[in-house]
1. Would you mind telling me which numbered condition in (1) touching a residue at least 24 places away in the same chain (Cβ under 8 Å); (2) farther than 27 Å from Arg62 by Cβ; (3) within 16 Å of the ligand (Cβ to nearest atom) Gly99 fails?
2. Hey, Cys174 hits all of (1) within 8 Å of the ligand (Cβ to nearest atom); (2) assigned to a loop (DSSP other than H, G, I, E, B); (3) more than 13 Å from Val106 (Cβ to Cβ) but one; which does it fall short on?
3. Looking only at segment 88-120, how many residues end up being part of a loop (DSSP other than H, G, I, E, B) and in contact with a strand residue (DSSP E or B) (Cβ under 9 Å, 6 or more places away or on another chain)?
4. Spot the failing condition for Leu115; the list is (1) surrounded by 10 or more Cβ atoms within 10 Å (Cβ to Cβ); (2) over 23 Å from Ala94 (Cβ atoms); (3) out of contact with any Gly (no Cβ under 7 Å at 6 or more places or on another chain), and only one is missed.
5. Which of the residues belonging to segment 27-54 are in a loop (DSSP other than H, G, I, E, B) and at pLDDT 90 or above?
6. What number of residues in segment 63-87 are within 12 Å of the chain's Cα centre (by Cα), part of a loop (DSSP other than H, G, I, E, B) and over 15 Å from Gly42 (Cβ atoms)?
7. I need the full set of residues from segment 67-117 which are closer than 21 Å to Glu154 by Cβ and among the hydrophobic types (A, V, I, L, M, F, W, C), in order please.
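The values are calculated or read from the model by the stated rules, or taken from the named source; none is laboratory data. Please read these numbers as outputs of a predicted model, since none were measured by experiment. Note that each Cβ is placed from the backbone with ideal geometry, even for glycine, and that neighbours are counted across all protein chains shown.
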Amino acid sequence: MIWLVLLLCLLILAAATAATAARREARRTGLPAGALLYSDTGRPVGRIAPTEVGAEGVRQERPLVSSLLGLVGRPDYLIEAEGGVVPVEIKSTACPADGRPYDSHVAQLAAYCLLVEDVLGEPVPFGVIRYRDREVRVEYTDELREHALALLEEMRAARDAEEVHRSHDDPRRCAGCSMRDVCTEALA
Ligand code: SF4
């Protein structure tokens, strides 16, 4: 009986320690209000799943994996806020002058919103892209959700195709694309 009580105490202590570490990390990074659930950029908090040691020998969060969507991802942060879980993506670049985030950044954030819904079973009210100079709140609307699902479908089809070409004429999209340096059809 005594070992059961001891075990319970240890579990409570571990949960309290994790919660304190998460609160400290949230304060340190100045994230939106709410409890820190996941941190792939700062210190991992291991509240969704126990942390793991990565290939570089550093302790980190486990990726979110959805077999339903065929999607794996590591959001920079997940915040348990009022109304659901909020993904936060950190970008080292400045926000575009018109204040509108790059389409590729919104698509990436929307993919994390889909992952949160499927893996955690939690609603997502909005996401945040934090640029070097400002923070942009992106509402997770039905329209954005549908757009993200359509993009995933497009990517699946492209993966099976032998040759893939640019599917748009939008230089802004290329300007924010991580493949720009190696892409032969980039517009920016
Ligand atoms: S840089 Fe290439 S891969 Fe990226 S958005 Fe433009 S065309 Fe597509």
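1. So Gly99 meets the others, but not (3).
2. Evaluating Cys174 over (1) within 8 Å of the ligand (Cβ to nearest atom); (2) assigned to a loop (DSSP other than H, G, I, E, B); (3) more than 13 Å from Val106 (Cβ to Cβ) leaves (2) as the failure.
3. The number of residues fulfilling the criteria is 6.
4. Among (1) surrounded by 10 or more Cβ atoms within 10 Å (Cβ to Cβ); (2) over 23 Å from Ala94 (Cβ atoms); (3) out of contact with any Gly (no Cβ under 7 Å at 6 or more places or on another chain), Leu115 violates only (3).
5. Correct list: Asp40, Pro44, Val45, Gly46, Arg47, Ile48, Ala49, Pro50, Thr51.
6. Looking only at that region, the number is 1.
7. Correct list: Leu68, Leu69, Leu71, Val72, Val106, Ala107, Leu109, Ala110, Ala111, Cys113, Leu114, Leu115.
Each row is one residue, and each column tells you yes or no for (1) acidic (Asp, Glu); (2) in contact (Cβ under 8 Å) with a residue 40 or more places away in the chain; (3) away from the ligand (no atom under 11 Å from the Cβ).
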| residue | (1), (2), (3) |
| --- | --- |
| Arg137 | no, no, yes |
| Tyr140 | no, no, yes |
| His147 | no, yes, yes |
| Ala150 | no, no, yes |
| Ala157 | no, no, yes |
| Arg166 | no, no, no |
| Thr184 | no, no, no |
